[in-house]
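One structure is given below, encoded as structure tokens.
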Amino acid sequence: MRLTIFWERMADHFGETYADSFARDHVMAELGGRTVHEALAAGWEAKDVWRGVCSAVGVPPDKR
């Protein structure tokens with residue numbers, strides 16, 4: 001998954017403004033105790049980060 005697609009999905013689920021705030025502030029066990037930004041900076045693949053977000057917040061299957 002490209003980062004542009006990842007951020008489009010984040011904006012679709014959380015809204016354009018809140019997506020970045022969530023990505024900076026919300027620490028998730030699914031990402032090894034990291035935020036989205038920290039996981040991406042640590043080298044996680046965007047698709048794996050998206051799967052973690054989906055699991056953590058219950059993104060509906062049709063949006064995954």
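Here are some notes:
- Per-region count, the range 43-64, residues touching a Phe, Trp or Tyr at 6+ places or on another chain (Cβ under 9 Å), aromatic (Phe, Trp, Tyr) and open to solvent by 60 Å² or more (accessible area, probe 1.4 Å): 0
- Looking only at residues in the range 23-56 that are β-branched (Val, Ile, Thr) and under 17 Å from His13 (Cα atoms), the one that is farthest from the chain's Cα centre (by Cα) is Thr35.
- For the range 1-42, the tally of residues that are open to solvent by 60 Å² or more (accessible area, probe 1.4 Å), among the β-branched types (Val, Ile, Thr) and in a helix (DSSP H, G or I) stands at 3.
The values are calculated or read from the model by the stated rules, or taken from the named source; none is laboratory data. All values derive from a computational prediction rather than experimental measurement. All Cβ positions, even for glycine, are placed from backbone atoms using ideal geometry, and neighbour counts span all protein chains on display. Side chains included, ligands, DNA and RNA excluded: accessible areas come from the protein's heavy atoms. Shrake-Rupley method; radii C 1.70, N 1.55, O 1.52, S 1.80 Å.
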